[in-house]
1. SER132 is checked against (1) of a type in the set (Ser, Thr, Tyr); (2) within 13 Å of the ligand (Cβ to nearest atom); (3) part of a loop (DSSP other than H, G, I, E, B) and fails just one. What number does that condition carry?
2. Residues that are in contact with a Cys (Cβ under 9 Å, 6 or more places away or on another chain), touching a residue at least 24 places away in the same chain (Cβ under 8 Å), buried (at least 20 other Cβ atoms within 10 Å of the Cβ) and not assigned by TED's automatic domain parsing to the domain that holds VAL66: does segment 188-196 have at least one?
3. Among the residues of segment 135-146, write down those that are crowded, with 18+ Cβ neighbours inside 10 Å and assigned to a helix (DSSP H, G or I).
4. Those residues that are within 15 Å of the ligand (Cβ to nearest atom) and touching a Leu at 6+ places or on another chain (Cβ under 9 Å), I need them from segment 223-244; list them, please.
5. Anything in segment 10-24 that is touching a residue at least 24 places away in the same chain (Cβ under 8 Å) and either more than 14 Å from the ligand (Cβ to nearest atom) or not assigned by TED's automatic domain parsing to the domain that holds GLY168 (or both)? List them, or say none.
6. Would you mind finding the one in SER50, SER71, SER110 that is within 22 Å of the chain's Cα centre (by Cα) and among the polar types (S, T, N, Q)?
7. So which residues in segment 243-287 are closer than 21 Å to LEU64 by Cα and hydrophobic (A, V, I, L, M, F, W, C), if there are any at all?
8. Among the residues in segment 170-177, are any open to solvent by 10 Å² or more (accessible area, probe 1.4 Å) and free of Cβ contacts under 8 Å to residues at least 60 places away in the same chain?
Amino acid sequence: MKINTQKIAINNPDVELYIRREDLIHPLISGNKFRKLKYNLIEAKNKNESTLLTFGGAFSNNILAVASAGSESNFKTIGIIRGEELEGKIDENPTLKKAQELGMQFKFVSREEYRNKNNKDFITNLKSEFGSFYLLPEGGTNDLAIKGCEEILTNEDDIFTHICCSIGTGGTISGIINSSFNGQQVVGFPSLKGDFISNEISNFVKKSNWNLISDYHFGGYGKITEELIRFINEFYLEYNIPLDPIYTGKMMFGINDLIQNNYFSKGSKILAIHTGGIQGIQGMNELLKKQKREIIITNEI
Ligand SMILES: Cc1ncc(COP(=O)(O)O)c(C=O)c1O
């Protein structure tokens with residue numbers, strides 16, 4: 001599969017910036033979710049499982065991607081959703097509403113209960129409740145997901161000096177690191193606060209040609225500022241490329257800032273991976289409207 005890679009015209013003659021439009025792979029199974037699900041869906045079929053069960057929060061890209069993949073590939077889908085308060089509000093939540101329309105069944109749990117998502121007893125109880133299922137962890141990250149993400153880079157990508165990727169659970173960047181070329185640096189932009197992700201990635205990869213830039217989480221997961229929204233909107237108006245506020249917006253903000261501060265040496269050729277997440281804009285905009293803040297421009301408005 002050949003994915004469109006666009007050159008971004010930037011105001012700096014010393015470096016070149018490109019963006020790989022993985023977000024265009026599929027409107028709902030976008031970007032890294034397509035990569036993460038590819039081998040997992042094959043494995044689920046091989047194991048004769050007819051149900052996929054996964055986890056996610058209010059506007060989870062993973063929840064919607066699994067609902068959509070299940071509907072396309074004939075799996076029943078179950079979503080364990082963080083936040084009991086969302087149960088009566090599905091109609092107000094574009095992500096959950098779409099997932100439900102695609103046939104996903106939900107179980108809403110408290111934030112406390114949700115923390116057990118990797119706990120063996122919790123999973124056993126879910127099996128008693130729902131019967132046999134193929135488990136896709138939160139964010140969709142497991143060994144097969146990483147194998148899928150190894151296919152983001154292709155043989156022609158050795159021309160790039162840097163590959164940039166946003167980070168949640170660390171699965172996507174791990175696949176990219178595994179398939180990166182010698183001499184290439186993989187730069188990750190965590191969208192969460194905290195250093196734990198570095199250890200997670202170390203467990204998944206064997207190479208050391210990577211580093212994390214932790215200065216662009218904007219206060220933590222799901223947190224956004226006016227400055228970030230303004231950047232996302234300006235980027236969209238200038239390049240006609242939508243960015244999501246949780247992952248890719250923060251990464252592109254970071255790359256832009258680093259370029260301006262001469263982080264990348266002269267002659268660098270940077271490839272930023274657009275990992276998708278555009279479906280989440282609508283839900284974020286609902287929140288922003290309620291807070292009477294500037295919203296994110298999309299072609300759906
Ligand atoms: C759109 C988008 N980009 C990037 C990421 C980060 O990927 P990972 O969790 O594999 O680090 C996610 C979360 O999975 C995502 O939904």
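The values are calculated or read from the model by the stated rules, or taken from the named source; none is laboratory data. Bear in mind that the values here come from a model prediction, so they are computed numbers and not experimental data. Every residue, glycine among them, receives a Cβ derived from its backbone with ideal geometry; neighbour counts consider all protein chains shown. The accessibility values were calculated without ligands, DNA or RNA, using every heavy atom of the protein model including side chains. Shrake-Rupley method; radii C 1.70, N 1.55, O 1.52, S 1.80 Å.
1. Failing condition for SER132: (2).
2. Looking through segment 188-196, at least one residue is in contact with a Cys (Cβ under 9 Å, 6 or more places away or on another chain), touching a residue at least 24 places away in the same chain (Cβ under 8 Å), buried (at least 20 other Cβ atoms within 10 Å of the Cβ) and not assigned by TED's automatic domain parsing to the domain that holds VAL66.
3. The answer is GLU138, GLY139, GLY140, LEU144, ALA145, ILE146.
4. The answer is ILE224, ILE232.
5. Hits for segment 10-24 are ILE10, ASN12, ASP14, VAL15, GLU16, LEU17, TYR18.
6. Among SER50, SER71, SER110, only SER71 is within 22 Å of the chain's Cα centre (by Cα) and among the polar types (S, T, N, Q).
7. Across segment 243-287, the qualifying residues are LEU243, ILE246, ILE273, ILE278, ILE281, MET284, LEU287.
8. No, that holds for no residue.
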